[in-house]
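Heads up: the structure comes next, in structure tokens.
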Amino acid sequence: MRMPVLFFGHGSPMIALQTNDVTRRWAEIAHEVDTKYARPRAILCISAHWLTRGAAVTAMETPPTIHDFGRFPQALFDIQYPAPGSPALAERVSQLLSPEPVMLDHGDWGLDHGTWSVLVKAYPQADIPVVQLGMDATRPPQWHYEMGIRLRQLRDEGVLIIGTGNIVHNLPRMDWNNQHVRPYEWAARFNDYIHDAIVADRLRDVVNFMELGEAARQSVPSPDHFWPLLYVLGTREPDDQVTFGPDHIEHGSLSMTSIAFWPGMAAGKAPPHDVNA
């Protein structure tokens, strides 16, 4: 059975210590995947927090839990997500991305907080093999979208593809003292723009997000948290139904919007492989 594909707005790593509407919805989404489709045989996660030079994929049997942050409570550093790895899936990812060279990482990386802060809520048992894909930081948005297209076949092989990042991610402008402050106008406008473009299958608008101008520059001051969404969109199939939720902005400039593409639930137009066509 074809698997869904998911994008989680992961927010602060502190969410791993919290139980709230966002984390409950993440758990509900995982439950829907397991009960309406199939329990994943493996998870491929594209996290905003592994930027590489050239594509890379974790290929170790037991990926370590990486605490790639500072100035947080010790309880956050104590969290472990001991999911097994999958060298076989890493090799499969390398095959699908060919002729793009892919570095098989056997010890330099692991599961960073972009991955485990979500999975500890969605799949807390940590019993599904997890492989993480590194994003080549030297490449343009179109390239990242095309990598997603090459990975699309994994959905028919029992692999749950997850992108984790944020549509709007401007940490310097965040109001750290008020989680529920009204979003900045530019943040709300950009989040809505991307939301509407995805619903309408205007993939060119998503890939070329910087064309929105100042709202895009403020919302995406660096592209690392936006790129995982492009991989997810690359795996979209013609009959996928898209759902959003959670779908809000916290602290004024941090989008918690999560997106799921559910196969076989609605007819639609196949997304073009060339978004400039």
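Yes/no matrix, rows are residues, columns are (1) in a helix (DSSP H, G or I); (2) at pLDDT below 95; (3) over 21 Å from Trp143 (Cβ atoms); (4) touching a Lys or Arg at 6+ places or on another chain (Cβ under 6 Å):
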site: His195; (1), (2), (3), (4): yes, no, yes, no
site: Ile198; (1), (2), (3), (4): yes, no, no, no
site: Val206; (1), (2), (3), (4): yes, no, no, no
site: Pro228; (1), (2), (3), (4): yes, no, no, no
site: Pro238; (1), (2), (3), (4): no, yes, yes, no
Do any residues in the stretch 193-210 that are at positive phi have Cβ atoms under 8 Å from those of residues that are modelled with pLDDT under 95 and surrounded by fewer than 17 Cβ atoms within 10 Å (Cβ to Cβ), where the two are at least six apart or on different chains, and which pairs are they? Asp201/Gly268; Asp201/Lys269
Please go through the stretch 41-79 and pick out each residue that is more than 20 Å from Leu229 (Cα to Cα), at pLDDT 95 or above and under 20 Å from the mean Cα position of the chain (by Cα). Arg41, Ala59, Pro63, Pro64, Thr65, Ile66, His67
Which of the residues belonging to the stretch 1-40 are in contact with a strand residue (DSSP E or B) (Cβ under 7 Å, 6 or more places away or on another chain) and either modelled with pLDDT under 95 or within 16 Å of Lys121 (Cα to Cα) (or both)? Leu6, Phe7, Phe8, Gly9, His10, Gly11, Trp26, Ile29, Val33, Pro40
Pull out all pairs, ordered by first then second residue, where Cβ-Cβ is under 9 Å, the residues are six or more apart or on different chains, the first lies in the stretch 95-108 and is under 20 Å from His144 (Cβ atoms) and free of Cβ contacts under 8 Å to residues at least 12 places away in the same chain, and the second is assigned to a helix (DSSP H, G or I) and of a type outside the set (A, V, I, L, M). Ser98/Arg150
Quick test of your reading of the structure: Tyr81 fulfils all but one of (1) over 17 Å from Lys121 (Cβ atoms); (2) buried (at least 18 other Cβ atoms within 10 Å of the Cβ); (3) not aliphatic (A, V, I, L, M). Name the failing condition by number. (1)
Can you report the number of residues in the stretch 67-94 which are among the polar types (S, T, N, Q), free of Cβ contacts under 8 Å to residues at least 24 places away in the same chain and closer than 16 Å to Val130 by Cβ? 1
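The values are calculated or read from the model by the stated rules, or taken from the named source; none is laboratory data. Keep in mind it's a predicted model, so treat the numbers as computed, not measured. Positions of Cβ are backbone-derived with ideal geometry, glycine not excepted, and every protein chain shown enters the neighbour counts.
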